[in-house]
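Okay, structure first, notes after.
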Amino acid sequence: MTPGPDGQRSLSRPVIGFVLGALLLGAAAWVVIRQGKDLQSAIESARHAPWWLVAAALVLPLLNWLLMSVSFWVLMRRHGPVGLGEMTSLIGAAWLLNYLPLRPGLIGRVGYHKTVHGIPVAKSVTATVAAIGCSGVAIVAMVGALVGSTMAGSGALSVGAAAAAPLALALIAGGALRRTHRFGWVPLIVAFRYLDLLVWAARYAVAFAIIGRPISAAAAAAIACVCQIAMLVPFFGNGLGLREWAVGVTASSLPRDVLTASGALATTVGLAADLVNRAAEICGAIPVGLICAARLSARAR
């Protein structure tokens, strides 16, 4: 049986998104390479970057993976006997597989829960939608924290307090609702997503520092929010290509007093920073994805 027109369209859209993302990623690299001065400066800065910055660039994506794993474990254990280690392996394998067309990591995770735990597909899909909704709430909270820190001043104390306030409120609300309300898990998931967003902000602060153009905490948080929105766009696996351009445009659009004391940044600098971020992410996704896929395969056998 050959797929009908609707089936062909549903298959072609993710493939087109993958190709488009790869082209956007290639275009980002090409633009950075053409700007020889910015590229040379970034390379020289990266060569002399402190070891701890490079280590942070490689370790922080792993922290994102663990936070995502815990948040999905909290969501899915309500529907079946899903272990934390098992969920960590599922998210790790999906991290790598979702770079491919059709998001096989997401499809494989849903199928695994159906086959191994007997969790209906609808419940897995509902949990994924709930996770996306909680991410949206976390982004809104982060934007509110940015506005609050701007109004309070740009000092490190005000920025830290503004960043911690939504997280504290989410944890308090989660504790209060846990035993009294059927949706008591929502604040907890929002808290995990907010922590994930803070890690993304740290990743961008590190990436810009590595290429010699450090940015403020507020700028890193703003770029992290835009990055998360770009990664929610369908058909672009892990925001491939689209994320790089979103970061580049955002970096060049932020006001000078918010961005960094050294002045405004060009789009190419933002592109270069996210290419560094993407390279560090892939360095983690490949071994984590392969090891997690092997563990799941052994468990299935």
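The values are calculated or read from the model by the stated rules, or taken from the named source; none is laboratory data. Note that the structure is a prediction, hence the values are computed from the model and not measured. Here the Cβ positions follow ideal geometry from the backbone for every residue, glycine too, while neighbour counts run over all protein chains shown.
Cβ contacts < 7 Å: first residue in contact (Cβ under 8 Å) with a residue 60 or more places away in the chain, restricted to segment 108-133; second residue in a helix (DSSP H, G or I) and loosely packed, with under 13 Cβ neighbours inside 10 Å, any location; separation 6+ or different chain. Result?
So the pair list comes out empty.
Quick check on this structure: which one of Val147, Val140 is out of contact with any helix residue (DSSP H, G or I) (no Cβ under 6 Å at 6 or more places or on another chain), surrounded by fewer than 16 Cβ atoms within 10 Å (Cβ to Cβ) and modelled with pLDDT of 85 or more? Before you say what the answer is, go through the steps one by one.
Working: Val147 fails: modelled with pLDDT of 85 or more.
Of Val147, Val140, the one residue that is out of contact with any helix residue (DSSP H, G or I) (no Cβ under 6 Å at 6 or more places or on another chain), surrounded by fewer than 16 Cβ atoms within 10 Å (Cβ to Cβ) and modelled with pLDDT of 85 or more is Val140.
Does at least one position in segment 58-72 carry a residue that is assigned to a loop (DSSP other than H, G, I, E, B), under 20 Å from Leu232 (Cβ atoms), among the hydroxyl-bearing types (Ser, Thr, Tyr) and modelled with pLDDT of 65 or more? Break it down stepwise before answering.
Here is the first cut: in segment 58-72, the ones assigned to a loop (DSSP other than H, G, I, E, B) are none.
No.
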